[in-house]
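Written out below as structure tokens is the structure these notes cover.
Here, each number is a calculation from the coordinates, and none is a lab measurement. Since the model is a prediction, treat every value here as computed from it, not as a measurement. Methodologically, a virtual Cβ is constructed for each residue, glycine included, from the backbone with ideal geometry; neighbour enumeration extends over all protein chains shown.
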Amino acid sequence: MAAPMRIYHSAVKSFLNVSNSHCTCSVRRFNPRELKKFYKNATITQTNGWFEINLDQKKLKTPNGKVFKVPNEALALAVATEWNMQHKIVKRHYMHLTSLCNTALDNPTYKSREDLVRSALHYAETDTLCYRLEEPEDLAKLEKVCWDPILEWARKRYDIEIESTTGLLPPEVPSSTYNKLRRHLLSYGDWALFGFLYGTENLKSLILMLAVVDKHIDVKTAVTLSRLEQNYQTTKWGNVEWYHDLDIEELHTRVAAAALFIYWSSESSSIIEKAVIEF
Amino acid sequence: MTSPTATAQLFRSLLKELRFINSKRNITECPTYQFMLEQFKNHKVTSEKYCQGKHDVVHVADTYLCLLESTRKHQELTEMYGGKGERSIEASANIVGLKLPKTYDPNNS
């Protein structure tokens, strides 16, 4: 395994025409091997208004080597609980809150606030709720019954114009809608925006994510609405536990983690504002 | 506004998940449990922080319960159905109800 990886690595480097010394500073340290549980107990400590995680006596660090710190006690406790949840092997792919904090702290893809908002707004024009089917008829009816109230709520809540379509082309979204949504999203802190993008990408709908963050609907409802067509098809053709149920549970965890991340990191906004994205 | 019984039910469900996570330790010593208990006690009269319906603590607790439950279920499902390495050709054929042809054996012919 090691040898082909090395060849691949050098091939990429020679292709990109970068020397070794240039590469080391920007490449993210990532070890694909599984991590054995090397600690007994994860606890939290408070320093300068931030909360840190201690694994036994060692400080938890981000993949880029920064000290892991979060602005909110509840968030810190939830991250510590995630680390305490592990047995024998630390399964980092189940630790969504930890990964979200890591992303916000390290910002590995160098995204600015505007980039994050732009990526999230990109989902507005192809929002799941706006794409309707005409047949089968009962599915079309189901979409109308389930999705229309949420769209109506969004129109009233944000004073925006957004229409659904049955065609192939994305519906026209007026620029005033974009401006209003952009202003709303920019009112959140840097950390919350990472959560927003993550949740939107998983639900494939900006409006559903907004409804979850505004506590209009809960996470399970949002996931059901997002997977409406798939739900309809599984009730018709049969449900496969190792695919559909797994998919539902995973989506629940991801969206719940994103929502909690936003709630908790927005709670003490005075601290959030100091968390400048470093380059 | 949720009813007291629903809130109690939510608390019990959260407690169950936390017990499952901290199965080897006493739950009352767990800081997460202490924090949760404090939150529930503080918002006993009204769960609406800042007197705004939107900042509903119960909603946050419910979302956290959803996260813990779904993470557990997701892990259980992955363990049950997760692949254990590559299957042999014979096993793969069996799955779709086929049998491999008999291989040629020079000693037996």
Check: Are there trypsin sites (Lys or Arg not before Pro) in segment A:119-190 that DSSP marks as loop and that have at most 16 other Cβ atoms within 10 Å, and which are they?
Finding: A:Arg132
Next item on the list: In Å and from the alpha-carbon atoms only, list the Rg and Dmax of the protein assembly as shown.
Entry: 24.1, 88
Check: With no solvent and one point per C-alpha, what does the Debye sum give as log10 I(q)/I(0) for segment A:113-272 at q = 0.11, 0.12, 0.18 Å⁻¹?
Finding: -0.45, -0.53, -1.14
Next item on the list: With the cut-off at 17 Å, report for segment A:99-140 the share of all Cα pairs above it, as a whole percent.
Entry: 56 percent
Next item on the list: Go ahead and run the numbers for FRET between A:His93 and A:Arg132, Cβ-Cβ distance against an R0 of 30 Å, rounding to 0.05.
Entry: 0.30
Check: Counting other Cβ atoms within 10 Å, which trypsin sites (Lys or Arg not before Pro) in segment A:40-112 have at most 12 and lie in a DSSP loop?
Finding: A:Lys40, A:Lys66, A:Lys88
Notebook entry, point to check: Which stretch or stretches of segment B:3-32 have amide N atoms under 17 Å from the point lying 7 Å from B:Glu79's Cα along the Cα→Cβ direction?
Noted result: B:17-25
Check: Reachable lysines from B:Lys24, Cα under 22 Å, same-chain residues fewer than 8 places away excluded?
Finding: A:Lys36, A:Lys37, A:Lys40, A:Lys58, A:Lys88, A:Lys91, B:Lys16, B:Lys73
Checklist line | Distance in nm between pseudo-label sites at A:Cys146 and A:Arg118 (7 Å out along the Cβ direction from Cα) | finding: 3.4 nm
Next item on the list: Using only the alpha carbon atoms of chain B, find the Kirkwood hydrodynamic radius as the inverse mean reciprocal pair distance, in angstroms to one decimal.
Entry: 18.3 Å
Notebook entry, point to check: Summing Lys, Arg as +1 and Asp, Glu as -1, what charge do residues with Cβ under 14 Å from the Cβ of B:Ala91 carry, B:Ala91 excluded?
Noted result: +1
Next item on the list: Just rank A:Phe196, A:Phe261, fewest to most, by other beta-carbon atoms within 10 angstrom.
Entry: A:Phe196, A:Phe261
